[in-house]
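Read the structure below first, then the notes.
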Amino acid sequence: MYQTIHESVAVAGVYKKAEFTPKKFLWQKKIYPVDELTFVSDLRDGKTKKRRFSLVSGGNSYHLLFDRDRETWMLEEVWCD
Amino acid sequence: MLQQETPTLRGKPLAIVKDEGRTCIIAASKEAKKLGVKTGSRMSEALTVAPEIIAIPADFDLYWSATCKLKKLFESLSPDVSMFSLDEAFLDYTPLRQMHSSPQEFAKLIQSGVKDTLGSWVTCSIGISHNRFLAKMTGEVSGPDSITTIDLENKDLLLSQTDFKDVCGIGPRLARRLKGHGVVVPYQINFIPDGELKRSFGPFWSVELRRMGRGEEPLFLSRLKEAPSHMKSVGRSITGWQLCNSESVIKRTLYNLVSEIIYKVRSMNLAGRLVSISVNGGGRSWSNHVTLKHHICHTGELFQYVYYDLYKKWRRPFPVIKLAVRLGLLESRADLSQSLLPKWQKEERVSVACDKLVSSYGLFAVTSGLLARGPIIRPEVTGFLGDKQYQFM
């Protein structure tokens, strides 16, 4: 089940065909390379638009949340068996 | 979709429940279905047939995002698309006959598009036929990632081999009634005389069942493209995970449901005058409604009717697990005259101000102090996409 983390992270990635793909993220002074981007969901509540990147790093699943208005990144959830 | 998003879940039997602690299975992975787990069954029943099953809470944001992507993909492939549910759509091949060598080739294009859009783990079953009823039935009974064609020659085989409970439009109650008459597959309807069918199932269902028996489109599918100009009613229900006897929790929950209904109704510039409430708990139920002479579109007004005029007159003889509220007989506010009463106009000014804040900061950004304590029930999409006119607005 996904456990909520909700901590700020730094994300590096590439823009290709007007779409951003995260390649690695920095969380608690450790770099996590993105092995697989499994899905991208667009979330909206009012005018607040967020994009959720579901990805795999080192065999674990993570949800990174990008606030498209504030341009901030959060590590929202981590999968825990 | 959950298996696509979280690779560690791939290949495992999963039961999707609405939330943590809930026991009703609203969807099951193909691995769980193979073990005999059925949608609608309880976790306790699933654990007896599949002890290794994993319960996962539904992720409605994920499903809705996937539906929007699918809609965009389908609309790029065909000019005639009807989204039927969260994960089902009808695409008319007729206007595309000059572009593809066959419907099967077009179906392959759809399948590869779905995999490119949603991911390689996602499967897509396609049923091809001359009407929506047979195409849907085909897609329903064929395996994952299959392309199955039903034509006039093999349609009777499909109609005689598909269980009525798997037929679109047939609910569990009607399926039981049909079984009571010895009818388990649609083809058997052809052997029942018109008079007997009408006597047993009434004037509406006798005609619908006759159509289904012949493999023709029932009314709700043939009318799919004749969407009404606006929604006729907006409702919201919530089922808790245990029976509730707390008046304050029930009051707060009703206010929460009313707020969401009014938010949707006002977003569509509608107002309604049929207010209904229904309550379930411990196998018992109660419901009531009131038809007003005027249309309402304010949270406070709807809450007044739902809570004080309807609910409070009920003496709550049993604890509650499910609450449902509905505002019906909706009309466009452009066709209605506004009340001149100062109280109504004041409430409208407050509602307009709240609408502006909510449209910027999200639903429940501004709400009553009633919802300040306790968790807020947020909007969800339903699998059958009953409010698609609002969702695709």
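List of remarks:
- Of all residues in segment B:378-393, exactly one satisfies the criterion of being within 14 Å of another protein chain (Cβ to nearest Cβ), aliphatic (A, V, I, L, M) and surrounded by 14 or more Cβ atoms within 10 Å (Cβ to Cβ), namely B:381.
- Of residues in segment B:1-22 being polar (S, T, N, Q) and in contact (Cβ under 8 Å) with a residue 24 or more places away in the chain, the one farthest from residue B:173 (Cα to Cα): B:4
Okay, residues lined up against (1) closer than 26 Å to residue B:253 by Cβ; (2) open to solvent by less than 80 Å² (accessible area, probe 1.4 Å); (3) in the same structural domain as residue B:68 (by TED's automatic domain parsing); (4) at pLDDT below 90:
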residue	(1), (2), (3), (4)
B:327	yes, yes, no, no
B:342	no, no, no, no
B:350	yes, no, no, no
B:356	no, no, no, yes
B:363	yes, yes, no, yes
B:366	yes, yes, no, yes
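- For segment A:6-26, the criterion of being part of a loop (DSSP other than H, G, I, E, B), touching a residue at least 40 places away in the same chain (Cβ under 8 Å) and over 11 Å from the mean Cα position of the chain (by Cα) is met by no residue.
- Pairs with Cβ under 7 Å, 6+ apart, first in segment B:47-75 and among the basic types (Lys, Arg), second crowded, with 20+ Cβ neighbours inside 10 Å: B:69/B:118; B:71/B:83
Condition check ((1) at positive phi; (2) over 20 Å from the mean Cα position of the chain (by Cα); (3) among the hydrophobic types (A, V, I, L, M, F, W, C); (4) open to solvent by 40 Å² or more (accessible area, probe 1.4 Å)) across all residues:
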{"site": "B:255", "(1), (2), (3), (4)": "no, yes, no, no"}
{"site": "B:260", "(1), (2), (3), (4)": "no, no, no, no"}
{"site": "B:267", "(1), (2), (3), (4)": "no, no, no, yes"}
{"site": "B:271", "(1), (2), (3), (4)": "no, yes, yes, no"}
{"site": "B:276", "(1), (2), (3), (4)": "no, no, no, no"}
{"site": "B:279", "(1), (2), (3), (4)": "no, no, yes, no"}
{"site": "B:283", "(1), (2), (3), (4)": "yes, yes, no, yes"}
{"site": "B:289", "(1), (2), (3), (4)": "no, yes, no, yes"}
{"site": "B:294", "(1), (2), (3), (4)": "no, yes, no, yes"}
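- From B:114, B:37, residue being in contact with a helix residue (DSSP H, G or I) (Cβ under 8 Å, 6 or more places away or on another chain) and without any contact (Cβ under 8 Å) to a residue 40 or more places away in the chain: B:37
- Residue tally, condition within 7 Å of another protein chain (Cβ to nearest Cβ), within 19 Å of residue A:8 (Cβ to Cβ) and surrounded by fewer than 16 Cβ atoms within 10 Å (Cβ to Cβ), over segment A:44-55: 1
- As for segment B:144-167, it holds at least one residue that is under 25 Å from the mean Cα position of the chain (by Cα) and over 26 Å from residue B:214 (Cβ atoms).
- Among residues of segment B:305-362 being small (Gly, Ala, Ser), within 14 Å of chain A (Cβ to nearest Cβ) and not in a loop (DSSP other than H, G, I, E, B), the one that is nearest to the chain's Cα centre (by Cα) is B:359.
- Residues (open to solvent by less than 40 Å² (accessible area, probe 1.4 Å), aliphatic (A, V, I, L, M) and part of a helix (DSSP H, G or I)) located in segment B:135-188: B:135, B:137, B:158, B:159, B:174, B:175, B:178
- Some residue of segment B:40-58 being open to solvent by 40 Å² or more (accessible area, probe 1.4 Å), within 14 Å of another protein chain (Cβ to nearest Cβ) and out of contact with any strand residue (DSSP E or B) (no Cβ under 7 Å at 6 or more places or on another chain): yes
- Complete set of residues in segment A:24-43 that are more than 9 Å from chain B (Cβ to nearest Cβ) and closer than 28 Å to residue B:56 by Cβ: A:24, A:25, A:27, A:28, A:30, A:32, A:33, A:34, A:35, A:37
- Residue check for residue B:226: at pLDDT below 90 and acidic (Asp, Glu): yes
- Residue check for residue B:67: open to solvent by 50 Å² or more (accessible area, probe 1.4 Å) and either within 14 Å of chain A (Cβ to nearest Cβ) or not aliphatic (A, V, I, L, M) (or both): no
- If the condition is being open to solvent by less than 50 Å² (accessible area, probe 1.4 Å) and farther than 21 Å from residue B:64 by Cα, then segment B:117-131 contributes B:127, B:128, B:129, B:131.
- Given (1) touching a residue at least 40 places away in the same chain (Cβ under 8 Å); (2) within 14 Å of chain A (Cβ to nearest Cβ), number of the condition residue B:104 does not satisfy: (2)
The values are calculated or read from the model by the stated rules, or taken from the named source; none is laboratory data. Since we're looking at a predicted model, the values are computed, not measured. Here Cβ is always computed from backbone atoms with ideal geometry, including for glycine, and neighbour counts include all displayed protein chains. Please note that ligands, DNA and RNA were not included when accessible areas were found on the heavy atoms of the full protein model with its side chains. Shrake-Rupley method; radii C 1.70, N 1.55, O 1.52, S 1.80 Å.
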